[in-house]
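The values are calculated or read from the model by the stated rules, or taken from the named source; none is laboratory data. Since the model is a prediction, treat every value here as computed from it, not as a measurement. Backbone-built Cβ (ideal geometry, glycine too); neighbour counts: all protein chains shown.
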Amino acid sequence: MLHALMVPALALMLMTQSPPQGKIDAAAVSAALDPAKAPGTILIARGDKIVFERTIGTISPESETPHELGQTWRWASVTKQITATIAMQEVAAGRLDLDAPIIRYLPDSKAPFANRITARMLMQHVSGLPRTGEGPIARDDWPTFYSVDLGSPETGRTWCEGPTTREPLSGFFYGDCDFIMMAAVIEATSGKPYADLIATRIAQPLGLSSVGVFPRAEPTVVGFSEGKPETSAFRLENFGGAGALFGTTHDLLAFDRALMTGKLIPEAQRAQMWEGKPEYGMAALGQWAFSTPLKDCGDVPVRIIERRGFIGGVVLRNIILPDLDMVIIMTSNRAEAEPAYGEIWQQAGITHDVMRAALCSTGTPL
């Protein structure tokens, strides 16, 4: 991957080469989609305007009923991006120090290295905390962590504070425990439960009527895997601050725009949150931040803030292109969409091909 310091050259080029506002090659974008492997929805916005939106394929592998716009999706690990944003609000307010040990905020923590783990480590997945897949396995190969009642000691913060042999900063280990603990930290610094923080810091100020935290009385879009309905072995509420949010794609766009325009956190905290670290695979705080050129689109790198979501048979991609003032959101209710979306930096997969079609279908950058 190329480093974000190369972005100023891109920004200069964009100021002189941007197409008329709202122009997107709809045919090229549509050709990059795959209704068999990744049926669902796609939304592309420039500024506050949606310039391309459509459904892809059918809801069920065995029916001809098409997907619908405006449905409520589980946001899965896109939740981590929202949790990180609230954490940076706490930083901006002076209540949270990213580099202070979490024992300062959670004095009762039983985590083995609570006196060394920091919020920054949690949000970059270098804390060394246990990973849920390392624990007992229940039905359909799902960790017990996600199958038991939320009040059980086999899930949530209690389990995440269990034994581990990994020390902080010993390596990048992606896992949900990092953000379940991060949710506990921001609850402590703010004095509010996580669900209240989502409501009062995100949903209510931005007018996001669809956004909430599982459990939810009404079903969200159902997932499928290998042509069959996804297993019922997991409880979405057990993902907590790592994956328990839901909402529409329009409300996710509204969050993205508020983040991009400084309505949620000041520029200084956003810059910290969006600093990808090469030594951790370009992981930033709760998201990935990197720059890469697109295939057959010149050598100028595009700066990308990427957040993925994947639980059961539901897959999301939330792509922010800060220097282009653009957002691309894709959803699918097939587990097969996760590999099909691919890796942008490898210049392969649906996500890359959609970006290329949206930005430079003529063979040159915007």
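I'd like to check something: does region 53-62 contain any residue that is buried (at least 19 other Cβ atoms within 10 Å of the Cβ), more than 22 Å from Met330 (Cβ to Cβ), at pLDDT 95 or above and of a type in the set (A, V, I, L, M)?
Checking region 53-62: not a single residue is buried (at least 19 other Cβ atoms within 10 Å of the Cβ), more than 22 Å from Met330 (Cβ to Cβ), at pLDDT 95 or above and of a type in the set (A, V, I, L, M).
Please determine, by comparing only the residues of region 215-271 that are assigned to a loop (DSSP other than H, G, I, E, B) and of a type in the set (Gly, Ala, Ser), which one is nearest to the chain's Cα centre (by Cα).
First, pick out the residues of region 215-271 that are assigned to a loop (DSSP other than H, G, I, E, B): 215-223, 226-227, 230-235, 244, 248, 261-266.
Then drop every residue that is not of a type in the set (Gly, Ala, Ser), which leaves 217, 223, 227, 232-233, 244, 262.
Working: Ala217: 23, Gly223: 18, Gly227: 25, Ser232: 23, Ala233: 23, Ala244: 12, Gly262: 19 Å.
Checked region 215-271; the qualifying residue nearest to the chain's Cα centre (by Cα) is Ala244.
When you scan region 301-310, how many residues do you find that are surrounded by fewer than 23 Cβ atoms within 10 Å (Cβ to Cβ) and over 17 Å from Trp345 (Cβ atoms)?
1
For Gly175, which of the numbered conditions (1) buried (at least 17 other Cβ atoms within 10 Å of the Cβ); (2) out of contact with any helix residue (DSSP H, G or I) (no Cβ under 8 Å at 6 or more places or on another chain) fails to hold?
(2)
If we scan region 94-109, do we find a residue that is farther than 27 Å from Phe310 by Cβ, out of contact with any Phe, Trp or Tyr (no Cβ under 6 Å at 6 or more places or on another chain), at pLDDT 95 or above and part of a helix (DSSP H, G or I)? Steps first, please.
Narrowing region 94-109 to residues farther than 27 Å from Phe310 by Cβ: 94-97, 99-101, 103-109.
Next, from what is left, pick out any that are out of contact with any Phe, Trp or Tyr (no Cβ under 6 Å at 6 or more places or on another chain): 94-97, 99-101, 103-109.
Subset that is at pLDDT 95 or above: 94-97, 99-101, 103-109.
In the following step, the residues that additionally are part of a helix (DSSP H, G or I) were identified as 103-104.
Checked against the condition, which is being farther than 27 Å from Phe310 by Cβ, out of contact with any Phe, Trp or Tyr (no Cβ under 6 Å at 6 or more places or on another chain), at pLDDT 95 or above and part of a helix (DSSP H, G or I), region 94-109 yields at least one hit.
For residues that are over 13 Å from the mean Cα position of the chain (by Cα) and among the small types (Gly, Ala, Ser), scanning just region 276-300, find the one that is surrounded by the fewest Cβ atoms within 10 Å (Cβ to Cβ).
Checking each candidate, the answer is Gly298.
Does any residue of region 60-77 turn out to be of a type in the set (Asp, Glu), more than 19 Å from Tyr194 (Cβ to Cβ) and part of a helix (DSSP H, G or I)? Outline the logic, then answer.
Filtering region 60-77 for residues of a type in the set (Asp, Glu) gives 62, 64, 68.
Checking the rest, the ones that are also more than 19 Å from Tyr194 (Cβ to Cβ) come to 62, 64, 68.
Remaining after also requiring part of a helix (DSSP H, G or I): none.
Checking region 60-77: not a single residue is of a type in the set (Asp, Glu), more than 19 Å from Tyr194 (Cβ to Cβ) and part of a helix (DSSP H, G or I).
Is it true that some residue in region 94-110 is touching a Pro at 6+ places or on another chain (Cβ under 7 Å) and not acidic (Asp, Glu)? Can you show your working first?
We begin by selecting, within region 94-110, every residue touching a Pro at 6+ places or on another chain (Cβ under 7 Å); these are none.
No, region 94-110 contains no residue that is touching a Pro at 6+ places or on another chain (Cβ under 7 Å) and not acidic (Asp, Glu).
Residue by residue through region 321-349, note down the ones that are assigned to a helix (DSSP H, G or I) and in contact (Cβ under 8 Å) with a residue 24 or more places away in the chain.
So in region 321-349, the residues assigned to a helix (DSSP H, G or I) come out as 322-324, 337-341, 344-346.
Residues satisfying the conditions are Pro322, Asp323, Leu324, Ala337, Glu338, Ala340, Tyr341, Ile344, Trp345.
Run down Ala233, Ala258 and say which single residue is over 29 Å from Ile117 (Cβ atoms), in contact with a Lys or Arg (Cβ under 6 Å, 6 or more places away or on another chain), touching a residue at least 40 places away in the same chain (Cβ under 8 Å) and of a type in the set (A, V, I, L, M). Write out each step before concluding.
Numbers: Ala258 fails: in contact with a Lys or Arg (Cβ under 6 Å, 6 or more places away or on another chain).
Unique residue meeting the criteria: Ala233.
So, in region 79-93, how many residues would count as being under 18 Å from Gly191 (Cβ atoms) and either charged (D, E, K, R) or touching a Pro at 6+ places or on another chain (Cβ under 6 Å) (or both)?
2
Please specify each residue of region 165-191 satisfying the condition of being under 21 Å from Leu236 (Cα atoms) and without any contact (Cβ under 8 Å) to a residue 12 or more places away in the chain.
Glu187
Check Thr189, Thr220 and return the single one that is surrounded by 17 or more Cβ atoms within 10 Å (Cβ to Cβ) and under 17 Å from Gly312 (Cβ atoms).
Working: Thr189 fails: under 17 Å from Gly312 (Cβ atoms).
Exactly one residue qualifies, and that residue is Thr220.
Which of the residues that make up region 149-192 are of a type in the set (D, E, K, R), within 14 Å of Arg120 (Cα to Cα) and over 19 Å from the mean Cα position of the chain (by Cα)? Steps first, answer last, please.
Quick first cut of region 149-192, residues of a type in the set (D, E, K, R) only: 149, 154, 157, 161, 166-167, 176, 178, 187, 192.
Still in the list and also within 14 Å of Arg120 (Cα to Cα): 178.
Residues satisfying the conditions do not exist here.
Starting from residues that are under 24 Å from the mean Cα position of the chain (by Cα) and part of a loop (DSSP other than H, G, I, E, B), keep the ones in region 136-148 and report whichever is surrounded by the fewest Cβ atoms within 10 Å (Cβ to Cβ).
Trp142
Does Arg74 qualify as being over 30 Å from Phe179 (Cα atoms) and basic (Lys, Arg)?
No.
When the residues of region 96-115 are narrowed to those that are surrounded by fewer than 22 Cβ atoms within 10 Å (Cβ to Cβ) and touching a Gly at 6+ places or on another chain (Cβ under 9 Å), which ends up nearest to Ser147 (Cα to Cα)?
Lys110
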